[in-house]
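All remarks here apply to the structure that follows.
The values are calculated or read from the model by the stated rules, or taken from the named source; none is laboratory data. Since this is a predicted model, take the numbers as computed values, not measurements. Cβ placement follows ideal geometry from the backbone for every residue including glycine, while neighbour counts extend to all protein chains displayed. Only protein heavy atoms, including side chains, enter the accessible area calculation; ligands, DNA and RNA are left aside. Shrake-Rupley method; radii C 1.70, N 1.55, O 1.52, S 1.80 Å.
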Amino acid sequence: QHIIMRLPTGFHYVEGQSLSVIPPGVDPKNGRAHKPRLYSIASTRYGDVLDGNTVSLCVRRAEYYDPVSGLVDPTKKGVCSNFLCDAEAGAQIDVAGPVGKTMLLPKDPNADIIMVATGTGIAPFRGFLHRLFMEQTVAGHLFSGKVWLVLGVPTTGGLLYKEEFDAMMKNAGPDQLRIDYA
């Protein structure tokens, strides 16, 4: 699920970073507040609405299916993923960060880039590709390298952001963007 959140004042990030989401409530196992969960940011520094005040996450609802009954076991659901997927528009969500500076776009605009992702692991690469092929930014205008994205999905229904990737392919220069599905 693609989730867009309005940022607190002064919260700034760059592509490839992550943020912590702090789900409400207490852990029934120890009676303490839930621990923060780290999510890769799926948007560019300008956010999906290009105002610099939003951040996007790609969240897959964590559910455990009982192998005998085939039903979802609600006692084993993902605390934070379910909280985010069930949040109403305008809900207050506590976040911290951003964290991480190890996965950033190369400084050399001529560098070739290879990205490999599965499922929600596509999040940071979506941000990179938006910056290079969708937004009218200096980084996008200067970029002359080639990008190859290999995206692993078990079924076509698990393919995230297909329409966006198709648009990026149209915006990219000849042979500049290659997307393969494994």
Study note, to complete from the structure: In the chain, taking the dipole from +1 charges on Lys and Arg beta carbons and -1 charges on Asp and Glu beta carbons about the Cα centre, the listed residue (Met134, Gly145, Gly78) farthest towards the positive end is Gly78
Review point. Between Gly140, Gly16, Gly25, which gets the highest mean-square fluctuation from a Gaussian network model of the chain, Cα cutoff 10 Å?
Key: Gly25
Review point. Residues of the chain: accessible area per residue at 1.4 Å, in Å²?
Key: 59 Å²
Check your understanding: If you find the alpha carbon centre of segment 1-47 and of segment 73-120, how far apart are they in angstrom?
Key -> 8 Å
Revision key, fill the gap. Here the gain from full extension of Ser144 to Cys85, 0.36 nm per residue of separation minus their alpha-carbon distance, amounts to 17.5 nm
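Once you charge only the Cβ atoms, +1 for Lys and Arg and -1 for Asp and Glu, what is the size of the charge dipole of segment 1-86 about its Cα centre, to the nearest 20 debye?
On the way: 10 positive and 8 negative charges, 56 e Å.
In total the dipole reaches around 260 debye.
Evaluate the Kirkwood expression for the hydrodynamic radius of the chain, namely the inverse of the mean inverse distance over all pairs of different C-alpha atoms, and round to one decimal in Å.
17.8 Å is the Kirkwood radius here.
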Practice item. Compare Pro106, Pro23, Pro98 in a GNM of the chain, Cα atoms joined below 10 Å, and give the one with the largest fluctuation. Key: Pro106
Check your understanding: Ignoring ligands, DNA and RNA, what percent of the accessible area of the chain is carbon or sulfur (1.4 Å)?
Key -> 55 percent
Check your understanding: So which of Lys29/Lys101; Lys35/Lys107; Lys76/Lys170; Lys35/Lys146; Lys101/Lys146 end up more than 31 Å apart by C-alpha?
Key -> Lys29/Lys101; Lys35/Lys107; Lys76/Lys170; Lys35/Lys146
